[in-house]
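Everything on this sheet refers to the single structure shown next.
Values quoted throughout were computed directly from the atomic coordinates according to the rules given, and no laboratory measurement underlies them. What you see is a predicted model, and the numbers here were worked out from it, not measured in a lab. Here Cβ is always computed from backbone atoms with ideal geometry, including for glycine, and neighbour counts include all displayed protein chains.
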Amino acid sequence: EVQLVESGGGLVQPGGSLRLSCAASGLIFSRYWMTWVRQAPGKGLEWVANIKEDGSEKYYVDSVKGRFTISRDNAKNSLYLQVNSLRAEDTAIYYCASSRDGSGFDPWGQGTRVTVSS
Amino acid sequence: QSVLTQPPSASGTPGQRVTISCSGSSSNIGSNHVYWYWQLPGTAPKLLIYKTNQRPSGVPDRFSGSKSGTAASLAISALRSEDEADYYCATWDGSLSGWVFGGGTKLTVL
C-alpha cells in the first residue's frame with residue numbers, strides 16, 4: 001500500500017521559515033512526479049508546486065515563486081518543501097501527492113498544518 | 001478567484017443523477033485532461049476521475065467524467081448519502097505552466 005506522510009508544519013511568525021517533509025513508502029519513489037497542494041482554512045485546494053521524477057523540472061504557483069523551494073531525495077524516498085518569507089495567506093494544510101503517467105494525484109498524504117501568525 | 005469555475009453547491013435526493021460542471025479555457029481544459037477529486041470534511045482529498053473519464057480501481061461506475069471544448073463535467077448517478085462531499089476539478093494550464101483547481105462544489109444529499 002502506498003503511503004505518504006507529511007511532517008514539519010507548525011506555528012511560525014510572518015517572515016519565518018519551515019521545511020515540510022513527505023515520506024513515501026510502498027512505491028518506487030523515483031518513478032513518480034511529486035506535488036504539494038495546500039488548502040487554507042475553509043477554502044478550496046490550491047496547487048503549490050511539483051517536481052519531476054529525477055528533480056530536473058520544478059514548477060510553482062506564482063504566489064510562492066522565489067519564496068518556496070521544492071526538492072526531493074530519491075535515496076530517502078522523501079519530498080521536501082522549503083517555505084520562506086511566510087505570510088498570513090500561506091496558512092493552510094499542506095498535502096503531498098504522487099502521480100505517474102498522467103493518472104492523477106493519487107494518493108495524498110494526511111497533510112501538515114502551517115499557521116503563520118504573530 | 002479560481003482559474004476553473006465550479007458551482008459552489010449542488011444537491012440531489014437519493015437515487016437521483018446530479019452533474020457538477022467545471023468551466024475553463026483553451027489553455028487548460030481545452031487542451032488537457034481533466035481530473036476530479038473528492039474530499040470529506042477533515043480528510044485528505046482522493047482521486048475520483050483521471051484523464052477526463054477514467055475511474056481508478058475502487059471508484060463505482062456511478063461516477064463518470066466528460067469534457068466538451070473548454071468545459072468538463074462530473075456526473076453521479078444513483079446518488080447515495082455517502083456521496084455528500086466537496087468535489088474539485090483540476091487540470092494542467094499550459095499558459096500558467098501549472099496545475100489549476102476549481103473552487104470546489106459542495107454536494108448535499110437531501
Exercise. In whole percent, what relative contact order does the stretch A:33-107 give with Cα contacts below 8 Å and a gap of six or more residues?
Worked result: 35
Problem set entry | Loop-exposed GluC sites (Glu not before Pro) per DSSP, neighbour cap 11 Cβ within 10 angstrom, longest uninterrupted part of chain A | A:58-118
Exercise. Alpha carbon centre of the stretch A:1-64 versus the stretch B:44-110: separation in Å?
Worked result: 21
For this session: Can you put B:S66, B:S25 in order of Cβ neighbours within 10 angstrom, beginning with the fewest?
Result: B:S66, B:S25
Seminar exercise, completed: Normalised per residue, the volume inside the convex hull of the alpha-carbon atoms of chain B in Å³ amounts to 93
Problem set entry | Distance violations [Cα-Cα > 30 Å] among A:K43/A:K65; A:K52/B:K106; A:K58/B:K106; A:K76/B:K67 | A:K52/B:K106; A:K58/B:K106; A:K76/B:K67
Problem set entry | Linear extension gain, B:S21 paired with B:R62, 0.36 nm per residue minus alpha-carbon span | 13.1 nm
Seminar exercise, completed: Fewest to most Cβ atoms within 10 Å: B:D83, A:D101 sort as A:D101, B:D83
Exercise. Label point 7 Å out from A:E57 along Cα-to-Cβ: which residues of the stretch A:84-118 have amide N under 17 Å?
Worked result: A:98-105
Seminar exercise, completed: Per GNM of chain A with C-alpha springs under 10 angstrom, the most fluctuating residue out of A:A24, A:A97, A:A75 is A:A75
Problem set entry | A:A88-A:K65 FRET efficiency (beta carbon distance; Förster radius 22 Å; 0.05 resolution) | 0.75
